[in-house]
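Undergrad: Pasting a structure below so you can have a look.
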């Protein structure tokens with residue numbers, strides 16, 4: 001883990017940023033510099049200074065709960081403390097005012113693996129995991145496994161997830177659980193003192209923007225340092241906005257290609273069949289190589305054995321279809337914004353955001369993200385022609401940036417590294433600045449939608 005304290009370069013600023021590597025910390029600092037210190041385009045000397053003063057540290061674990069990068073009492077960045085020494089004054093070096101920002105146990109039930117049934121119908125051999133110690137023994141020597149489990153209600157959720165975690169505890173595996181309340185607290189309570197050995201993350205906080213989830217899993221894998229691992233992640237739940245569900249589904253499809261197949265990680269993704277629409281359950285079939293259900297499902301329509309023939313795992317082909325699909329038509333009439341002058345574009349976005357009722361700080365974040373995406377689109381589009389539209393619907397103020405360039409990497413915005421192309425870096429920064437970012441690309445070009453919830 002890496003850590004940077006802003007007061008090392010700006011006395012009086014108490015913001016502290018942590019991340020898996022230098023780049024993840026730098027991305028957050030750049031967003032902070034734009035929002036709170038007026039540096040929309042920080043000079044290279046500042047970037048070098050940030051890198052030079054970013055240091056390794058070992059995070060503290062309190063009651064087994066992990067506070068992830070990008071999640072503090074407000075929206076962004078974990079505030080973990082202050083550096084003991086300052087090494088410079090940004091006002092003297094870069095002409096920026098040094099001001100303090102205003103942010104803020106029973107036997108495990110059997111689990112029938114429906115994917116295994118599909119294999120049996122074709123005459124192939126298959127195994128049936130039960131979530132218990134036997135399955136854990138297999139997992140200890142098994143590469144990456146991305147599995148969906150269907151459940152109905154909190155009791156059934158616990159009957160599937162808790163034995164899965166206890167089996168991992170018996171094997172001393174590294175584990176992370178990313179789910180929402182009240183399920184988060186229920187799992188901790190069911191595990192008792194053993195919960196101290198597991199990293200717990202509130203998915204409502206981490207998965208607020210689903211594009212932030214894969215970087216968190218990557219950080220977990222790096223932190224585990226080669227140990228066998230288990231994870232529980234629930235990015236889709238009843239009550240999420242339609243755009244959030246769409247991005248959660250893209251995230252699930254991406255999980256099949258973003259983890260090295262030899263990584264010893266068993267990732268379980270629970271879906272509540274009683275609360276979620278059938279179309280969402282259908283999509284879960286397409287995005288998971290292994291789909292399971294509790295043996296206590298009896299006489300229920302979802303997921304019925306007939307679904308084995310109706311829906312197949314889609315793999316990379318399904319991911320490509322999702323990434324190339326057109327986004328929904330704007331709910332409100334869009335306003336075309338001129339893009340020839342960056343300053344005028346920023347002013348137009350700020351005015352539109354203010355008219356929609358966004359606070360000044362969130363308006364600045366949106367304008368900064370739009371500027372980054374437009375600049376990247378100009379650099380990477382063959383025609384250099386970039387369009388920007390803005391509209392308001394019931395849930396959000398939306399800015400959409402389009403250009404003729406084509407992106408062939410659906411993981412864009414979820415990677416790290418200093419050598420990242422401008423579009424990768426711009427989308428990664430937008431993921432930190434905005435409530436939701438949607439990226440779609442195909443033969444007709446690339447579209448990036450930036451959402452600010454109202």
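The values are calculated or read from the model by the stated rules, or taken from the named source; none is laboratory data. Predicted model, so just to flag it, every value in this text is computed and none were measured. Here the Cβ positions follow ideal geometry from the backbone for every residue, glycine too, while neighbour counts run over all protein chains shown.
Undergrad: Can you name the condition, by its number, that residue 239 falls short on among (1) surrounded by 22 or more Cβ atoms within 10 Å (Cβ to Cβ); (2) under 25 Å from residue 448 (Cα atoms); (3) at pLDDT 95 or above?
TA: Of (1) surrounded by 22 or more Cβ atoms within 10 Å (Cβ to Cβ); (2) under 25 Å from residue 448 (Cα atoms); (3) at pLDDT 95 or above, only one is false for residue 239: (1).
Undergrad: Please state which one of 206, 171, 191 is assigned by TED's automatic domain parsing to the domain that holds residue 268 and touching a strand residue (DSSP E or B) at 6+ places or on another chain (Cβ under 7 Å).
TA: 206
Undergrad: Read through the list (1) at pLDDT below 95; (2) closer than 26 Å to residue 155 by Cβ, then give the number of the only condition that residue 248 fails.
TA: (1)
Undergrad: Let me ask something else. Looking at (1) modelled with pLDDT of 90 or more; (2) assigned to a loop (DSSP other than H, G, I, E, B), find the lone condition where residue 416 falls short.
TA: (1)
Condition check ((1) modelled with pLDDT of 95 or more; (2) closer than 25 Å to residue 18 by Cβ; (3) in a strand (DSSP E or B)) across all residues:
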position	(1), (2), (3)
378	no, no, no
384	no, no, no
387	yes, no, yes
397	yes, no, yes
420	no, yes, no
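Undergrad: Of 448, 401, 370, 374, which residue is within 24 Å of residue 255 (Cβ to Cβ), in contact with a strand residue (DSSP E or B) (Cβ under 6 Å, 6 or more places away or on another chain), modelled with pLDDT of 90 or more and surrounded by 23 or more Cβ atoms within 10 Å (Cβ to Cβ)?
TA: Sole residue among the options that is within 24 Å of residue 255 (Cβ to Cβ), in contact with a strand residue (DSSP E or B) (Cβ under 6 Å, 6 or more places away or on another chain), modelled with pLDDT of 90 or more and surrounded by 23 or more Cβ atoms within 10 Å (Cβ to Cβ): 448.
Undergrad: Which one is surrounded by the fewest Cβ atoms within 10 Å (Cβ to Cβ), of the residues in region 222-236 that are at pLDDT 95 or above and out of contact with any strand residue (DSSP E or B) (no Cβ under 6 Å at 6 or more places or on another chain)?
TA: This residue is 228.
Undergrad: Does residue 439 satisfy the criteria of being modelled with pLDDT of 95 or more, buried (at least 17 other Cβ atoms within 10 Å of the Cβ) and closer than 22 Å to residue 259 by Cα?
TA: Taking the combined requirement at face value, the residue satisfies it.
Undergrad: Next question, about the same structure. Given the criteria over 29 Å from residue 395 (Cβ atoms) and part of a helix (DSSP H, G or I), does residue 191 qualify?
TA: So residue 191 passes the test.
Undergrad: Does region 316-336 contain any residue that is farther than 28 Å from residue 394 by Cβ and not in a helix (DSSP H, G or I)?
TA: No, region 316-336 contains no residue that is farther than 28 Å from residue 394 by Cβ and not in a helix (DSSP H, G or I).
Undergrad: Right, another one. Mind listing whichever residues of region 197-208 are surrounded by fewer than 22 Cβ atoms within 10 Å (Cβ to Cβ) and more than 21 Å from residue 164 (Cα to Cα)?
TA: 204, 205, 208
Undergrad: From 190, 216, grab the single residue that is surrounded by 21 or more Cβ atoms within 10 Å (Cβ to Cβ) and either in contact with a helix residue (DSSP H, G or I) (Cβ under 6 Å, 6 or more places away or on another chain) or closer than 23 Å to residue 258 by Cβ (or both).
TA: Matching residue, one of 190, 216: 216.
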